[in-house]
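The values are calculated or read from the model by the stated rules, or taken from the named source; none is laboratory data. Small disclaimer: the values here were computed from a predicted structure and weren't measured. For neighbour counting, all protein chains shown are included, and Cβ atoms are generated from backbone atoms with ideal geometry for every residue, glycine included. The accessibility values were calculated without ligands, DNA or RNA, using every heavy atom of the protein model including side chains. Shrake-Rupley method; radii C 1.70, N 1.55, O 1.52, S 1.80 Å.
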Amino acid sequence: MKPTFKLFRIAGITIGIHYTWIFALIFFSWTLAMVYFPAGYPDWSTATYWIAGIGGALLIFISVLLHELAHSLVAKTRGIPVHSITLFILGGVSNLDEEPQKPAAEFAMAIVGPVTSLVLGGILYGLTYLPIDTTTPQFAILGYLAIINIYLGIFNLLPGFPMDGGRVLRSIIWGSTNDLTKATNIAGIVGQFFGWAFIGLGVFLMISVSFINGMWIAFIGWFLNSSADASRKEVALRERLSHVKVRELMHQNIATIEPETTVQDMVTNIFRKQHGRAVPVCRNGKLVGIATITDVKKVPPDKWAATPVKKIMTSEPLYTVAPEDNLNKALMLIAKNDINQVIISDQGKCGGLISRADIVSLIQMNTKLGLR
Ligand SMILES: [Zn+2]
């Protein structure tokens, strides 16, 4: 999840907010100012309720941020690059460049978030026992934050994927069976169970106690359910693709072009005739770059005939796979770098391309044929 607005950086990690976060800020400020604080502290002024409400809501997000920072910093010490943390309507998410490759790394990364929240909640709760005036907004916010952090810790420890507890469960099953697909499936099923349970609880609360709180819980349940389902499907897909070699999807007649070819010739002979979006650029059979439709758009059409392809092509970074690599590797490169295709290169020799669309049509064809 990419942040809509970037705020600042901590330890090389961009901290940002997703636009949906604004709705959560309004919801929490409103609930605190209009419901929670007036119930416990009837003597404050309206302005005090709102200042405490907005302040409390912002501090909830600082709590969520600290939870996510714990995940991200442990990920970094395990060698996994983290480019950003995004706060959104349902909490926070650390955007990692890759998934942990070892069960122990996943375990450490997952458990540290809830532990941070529980420790923080415990410390804040301890502070409420200090001899301070218990009728002030500061005390009310302190007590509220202690509870929120403890909830945050406990909620995230529920053992269903994609919650932290689900990741902990997955890492334990993964470590003991050495089977990531099976581990994701089990943790995902437990995650879907909790998703349905939250939806049920939410609907019950909507009709019996509080419509808005019930709706919130049902919404969280729906989110958990669909994330668990998507994670299971994604891991199953990766597993399937890891059994197919890039070579099996390679075209027999590969179109390539020379760097001196004009953009006009490339558009006429390659993009129009072959319906491709990209073509490898080769000199004497050696790979030197890739030219795509996006590159063509950098030059106005009246300059195409006078512009050689080498002027517009990308020569680095070039993302390549070997014919003997599996499709999962190709798909990971495509997804991670947000590109449409990778180049197939056999020890630096010009090979061909494999695109997102090629992989999708393979999956669709297998589904039609009733193959796994
Ligand atoms: Zn977490």
Subset of the stretch 342-372 (residues that are among the aliphatic types (A, V, I, L, M) and touching a Pro at 6+ places or on another chain (Cβ under 7 Å)): ILE343, ILE344, LEU353
Residue check, TRP196 surrounded by fewer than 20 Cβ atoms within 10 Å (Cβ to Cβ) and of a type in the set (Phe, Trp, Tyr): yes
Any pair with Cβ under 7 angstrom, 6 or more apart, that starts in the stretch 288-304 at a residue that is more than 15 Å from GLU316 (Cα to Cα) and ends at one that is in a loop (DSSP other than H, G, I, E, B) and among the hydroxyl-bearing types (Ser, Thr, Tyr): VAL299/THR307
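In the stretch 113-122, is there at least one residue being touching a Phe, Trp or Tyr at 6+ places or on another chain (Cβ under 9 Å), part of a helix (DSSP H, G or I), open to solvent by less than 30 Å² (accessible area, probe 1.4 Å) and away from the ligand (no atom under 16 Å from the Cβ)? Don't jump to the end; show me each part of the working.
Looking only at the stretch 113-122, we keep the residues that are touching a Phe, Trp or Tyr at 6+ places or on another chain (Cβ under 9 Å), and these are 114, 117, 121.
Applying the additional criterion that residues be part of a helix (DSSP H, G or I) yields 114, 117, 121.
With open to solvent by less than 30 Å² (accessible area, probe 1.4 Å) added as a condition, the list becomes 114, 117, 121.
Filter once more, keeping what is away from the ligand (no atom under 16 Å from the Cβ): none.
Checking the stretch 113-122: not a single residue is touching a Phe, Trp or Tyr at 6+ places or on another chain (Cβ under 9 Å), part of a helix (DSSP H, G or I), open to solvent by less than 30 Å² (accessible area, probe 1.4 Å) and away from the ligand (no atom under 16 Å from the Cβ).
I need the full set of residues from the stretch 72-103 which are of a type in the set (A, V, I, L, M, F, W, C) and either surrounded by fewer than 17 Cβ atoms within 10 Å (Cβ to Cβ) or closer than 20 Å to THR20 by Cα (or both), in order please. Explain how you work it out, then say what you get.
Step one: filter the stretch 72-103 for residues of a type in the set (A, V, I, L, M, F, W, C), giving 73-75, 80, 82, 85, 87-90, 93, 96.
Selection gives ILE85, LEU87, PHE88, ILE89, LEU90, VAL93.
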THR20 vs. criteria within 21 Å of ASN213 (Cβ to Cβ), modelled with pLDDT under 90 and under 16 Å from the mean Cα position of the chain (by Cα): yes
Answer from SER29, SER63 - the residue that is among the hydroxyl-bearing types (Ser, Thr, Tyr), crowded, with 17+ Cβ neighbours inside 10 Å and either within 16 Å of the ligand (Cβ to nearest atom) or in a strand (DSSP E or B) (or both): SER63
Residue pairs meeting the criteria (Cβ under 6 Å; at least 6 apart or on separate chains; first more than 22 Å from LEU120 (Cβ to Cβ), in the stretch 153-178; second more than 13 Å from the ligand (Cβ to nearest atom) and of a type in the set (D, E, K, R)): PHE161/ARG170
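Pick from ALA140, ALA108: which is more than 16 Å from the ligand (Cβ to nearest atom) and surrounded by 18 or more Cβ atoms within 10 Å (Cβ to Cβ)? Lay out the reasoning, then the answer.
Details: ALA108 fails: more than 16 Å from the ligand (Cβ to nearest atom).
The unique qualifying residue is ALA140.
Out of the strands (runs of 3 or more DSSP E) lying entirely within the stretch 267-372, which hold 2 or more residues that are over 14 Å from ALA255 (Cα atoms)? If you could, list the steps in order and put the result at the bottom.
Working: elements: 278-283, 286-292, 341-346, 349-355.
Ranges flagged: 341-346.
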Residue within the stretch 229-250 that is touching a residue at least 24 places away in the same chain (Cβ under 8 Å), within 12 Å of PHE198 (Cβ to Cβ) and either loosely packed, with under 14 Cβ neighbours inside 10 Å or of a type in the set (A, V, I, L, M, F, W, C) (or both) present: no
